[in-house]
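Heads up, the thing below is written out as structure tokens.
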Amino acid sequence: MGINDPVIAAQTPAADFSINQCWDKYTNDEHAIWRDLYNQQINILKDRVVPEFYQGLELLNLNEGGIPDFSKINEKLMDLTGWQVIAVPHLIPDDVFFEHLANRRFVAGRFIRTREQMDYLQEPDIFHDVFGHVPLLTQPIFANYMEAYGKGGLRALKYDCLKNLARLYWYTVEFGLMSSSDGPKIYGAGIVSSRTESIFSVESTSPNRIHFDLERVMQTDYIIDDFQQVYFGIDSFEELFEATQQDFASIYEFMSKSDKMHDVTDILPTDKIYHKGTQAYANTGGRLAKAS
Ligand code: HBI
Ligand code: FE
């Protein structure tokens, strides 16, 4: 876990919570964990992920083997979209997180999960943050969306609408799907970095799959410790970026007045449904309910 990483413990974070990655200090075991996770996910994601994700991996040479060195990623990323990756010790406060995104800096954990946590951990590690999130930052439209999201976040703090914005992040950046002629494809980092959810999200008959709608998503609850019961699909990254090019102030004003909230299994008359889920997985106790 992050707190047990001695390289993190030895540092005092800067005011913006950044630390040095200290790439030379990763152990061989840590590099081996990255490679094992990488090889496992590459096989699973093959036809399940959007092609832009693979383009990103190649552009950044994330397939070289071992934990990536942020300074090397950053040279390429700067040329491609002007984004940078910086290391942080743990989850950072929302305002600092948004400030970084608004300035095209993506924050990533330095530590990597242990062999006991290969399938699931709640705190984002370097595999989730870098393998999951960074490839799409090479794609100009998605890169613009992330910056717009950071700016929207700073505004949301003022209107007390952080919850609404966090849901947008959750259902797009973390658990988003994109529709294609060949069925749903994954682009969300939370799915991309998960062995089991990579398959569940696109193949299971259990969850609902619904077309993305900004306000609908901002008013939908989510699950943090098990597979999602609903996924939202976009047609393109352009659609996602376009959705942020409207006056968030009036949306926030409206949402801070109304307490309309949709449950994870709700299907609304206005929804464009791709797949109406059976919810069999959740109704039989889910993964964590069985484990605990
Ligand atoms: N900090 N390190 C880190 N990583 C995150 O993804 C993150 C965070 N702080 C806040 C935060 N995310 C949330 O506010 C957003 O998901 C909305
Ligand atoms: Fe994430």
Q.
I need two numbers for segment 138-285: Rg to one decimal and Dmax as a whole number, Cα atoms only, in Å.
A. 14.9, 42
**Q.** Rounded, prolate or oblate (a/c below 1.5 giving rounded, otherwise prolate when a/b exceeds b/c) for segment 114-154 by Cα gyration tensor
**A.** oblate
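Share of antiparallel DSSP beta bridges in the chain, in percent to the nearest 5? Write out the running numbers ahead of the final one.
On the way: 5 of 18 bridges.
That works out to approximately 30 percent antiparallel.
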Q. For L121 and D235, what does the FRET efficiency come to when R0 = 25 Å and r is the distance between their Cβ atoms, rounded to the nearest 0.05?
A. 0.20
Q: Among A14, Y145, I267, pick out the residue whose Cα is farthest towards the positive end of the charge dipole of the chain, where Lys and Arg carry +1 and Asp and Glu carry -1 on C-beta, about the Cα centre.
A: I267
Q: Please report, as a whole percent, how much of the solvent-accessible surface of segment 124-224 comes from carbon and sulfur atoms (probe radius 1.4 Å).
A: 51 percent
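Is there a quick way to get the dipole size of the chain? I mean about its Cα centre, with the Cβ of Lys and Arg at +1 and of Asp and Glu at -1; what is the value in debye to the nearest 20?
Values: 26 positive and 42 negative charges, 51 e Å.
So the magnitude is around 240 debye.
Classify segment 161-209 as rounded, prolate or oblate, taking a ≥ b ≥ c as the square roots of the eigenvalues of its Cα gyration tensor: rounded when a/c is under 1.5, otherwise prolate if a/b is larger than b/c and oblate if not.
Values: a/c = 2.00, a/b = 1.71, b/c = 1.17.
Because a/c hits 1.5 or more and a/b exceeds b/c, segment 161-209 counts as prolate.
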Q.
Using a probe radius of 1.4 Å on heavy atoms only, what accessible surface per residue do you get for the chain? Whole Å² is fine.
A. 45 Å²
Q: Taking the dipole about the Cα centre of the chain, with the C-beta of Lys and Arg at +1 and of Asp and Glu at -1, give me whichever of F127, V202, L162 is farthest to the positive side.
A: V202
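Ignoring ligands, DNA and RNA, what percent of the 1.4 Å accessible area of segment 1-114 is carbon and sulfur?
Numbers: 2820 of 5620 Å².
C and S fraction of accessible area: 50 percent.
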(Q) Taking R0 as 45 Å, what FRET efficiency do you get between S179 and W23 from their Cβ-Cβ distance, rounded to the nearest 0.05? (A) 0.75
Q: Would you please report the Å³ per residue occupied by the convex hull of the alpha carbon atoms in segment 56-142?
A: 99 Å³
(Q) Could you report the accessible area of I199 in Å², rounded to 10, computed with a 1.4 Å probe on the protein chains as they sit in the structure? (A) 70 Å²
Q.
To check my understanding: the extent here is largest minus smallest coordinate of the Cα atoms along each principal axis. What are those three numbers for segment 1-66, in Å, largest first?
A. 42, 27, 19
**Q.** Sorted largest first, extent of the chain alpha carbons per principal axis (Å)
**A.** 55, 40, 37
**Q.** Charge-dipole axis of the chain as Lys and Arg at +1 and Asp and Glu at -1 on Cβ define it, positive-most pick from Q228, G66, V173
**A.** Q228
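The values are calculated or read from the model by the stated rules, or taken from the named source; none is laboratory data. Everything numeric in this text was worked out from a predicted model, so none of it was measured. Cβ sites come from the backbone with ideal geometry, for glycine too, and all protein chains shown count toward neighbours. Please note that ligands, DNA and RNA were not included when accessible areas were found on the heavy atoms of the full protein model with its side chains. Shrake-Rupley method; radii C 1.70, N 1.55, O 1.52, S 1.80 Å.
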